[in-house]
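K.L.:
Got a structure here, written out as C-alpha cells. Questions coming.
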Amino acid sequence: MDSKLLLVTMTLLSVLLLSACGWGDKDEEPADAGADVTNNLDGTDKQVGEEATEESVEHAGHAEGQLPEGLKESENPKFPVGSRVVVNASHTDGMEGAMAAVKGAYDTTVYSVSYTPTNGDPFEENHKWFVEGEISGVDDEEIVVGSDVIINVEHQDGMLGAEGSVDTVEDTTVYVVDYTNSLGETVTNHLWLKESELQTEEESNYDSDWDGDTGSDSDSQ
C-alpha cells in the first residue's frame, strides 16, 4: 500500500509541475505578441506620416524645381528679390492670399498647357505655368496658342515627356517665391507666379500676416 500511495503522490506532483510550467508559458506569450504589435504599429505610423509629407510637397505644385538653362534674370522687376508680396492666384490649395518672399525674377515667355500625364493620371487642362525651355514644339516650330508640345520638366509626377497643346502665351516677368499657405504648409522655391499674380501688401485686399524671413539673402535655387 505504501508503494502505491507513493506512486500516486508522485504522479500528482508531476501533473501539478507540468501545469505550472504551462501557466508560465501562457503568461509570457501575450507579452511577446504585444511587443511585436506595438512595434509594427509604430513603423506603420511613421511610414504613413512620411507618405503624407511627400503628398503635401507634390500637391504644393512646382516646389523645389530647377531653372531652365538660359533663363534671363529681370533687370528691373516690379517685385525685386527680397520683396514681401501677396499671392493673388490659386494654382494650389491654400495659395491665394498667402504672404510670400520673392526669391527670383525672370523675363520670359510664359505658357499654360493642357496635357495628358504619362503616369495614367487624368487629363490636366490649362496647367499654369511653363516658361521658355520647359516645353518644346513637336515640329520644332514657333510655339503659339494651339501648338502641340512636349513637356521637358517634372514639376509633378507624370509631367516629364507628356504631350499637350498650348492654351495661352504671354511675355512677362515670372517669379520664384517662398510662401506659407493657409493650410500651414511652407513651400520653398515655388515655380512659377507671373507678375499679374502678385501684389504688394498695400495693393492687396487680403488680410495676411507675415511672420517669416523674406529670404532676401537667399538664392533662387
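K.L.:
Which of the residues that make up the range 141-199 are of a type in the set (A, V, I, L, M), over 22 Å from Glu125 (Cα atoms) and in contact with a strand residue (DSSP E or B) (Cβ under 6 Å, 6 or more places away or on another chain)? I'd like the intermediate steps shown before the answer.
P.N.:
Initial filter on the range 141-199 (of a type in the set (A, V, I, L, M)): 143-145, 149-151, 153, 159-160, 162, 166, 169, 174, 176-177, 183, 187, 191, 193, 198.
Now drop any that are not over 22 Å from Glu125 (Cα atoms), which leaves 176-177, 183, 187, 198.
Of everything in the range 141-199, those that are of a type in the set (A, V, I, L, M), over 22 Å from Glu125 (Cα atoms) and in contact with a strand residue (DSSP E or B) (Cβ under 6 Å, 6 or more places away or on another chain) turn out to be Val176, Val177, Val187, Leu198.
K.L.:
How about the range 145-158: which of its residues are open to solvent by 20 Å² or more (accessible area, probe 1.4 Å) and among the β-branched types (Val, Ile, Thr)?
P.N.:
Listed by number, the residues that qualify are Val145, Ile150, Val153.
K.L.:
What number of residues in the range 99-119 are out of contact with any Leu (no Cβ under 8 Å at 6 or more places or on another chain) and not in a strand (DSSP E or B)?
P.N.:
The qualifying residues number 3.
K.L.:
Suppose we filter the range 78-91 for residues that are over 12 Å from Val176 (Cα atoms) and touching a helix residue (DSSP H, G or I) at 6+ places or on another chain (Cβ under 9 Å); how many remain?
P.N.:
4
K.L.:
Select, from Glu96, Glu132, Glu142, Glu125, the only residue that is open to solvent by 30 Å² or more (accessible area, probe 1.4 Å) and in contact with a Leu (Cβ under 9 Å, 6 or more places away or on another chain).
P.N.:
Of Glu96, Glu132, Glu142, Glu125, the one residue that is open to solvent by 30 Å² or more (accessible area, probe 1.4 Å) and in contact with a Leu (Cβ under 9 Å, 6 or more places away or on another chain) is Glu132.
The values are calculated or read from the model by the stated rules, or taken from the named source; none is laboratory data. Everything numeric here is computed off the predicted structure, so don't read it as measured data. All Cβ positions, even for glycine, are placed from backbone atoms using ideal geometry, and neighbour counts span all protein chains on display. Keep in mind that these areas ignore ligands, DNA and RNA; they rest on the heavy atoms of the full protein, side chains included. Shrake-Rupley method; radii C 1.70, N 1.55, O 1.52, S 1.80 Å.
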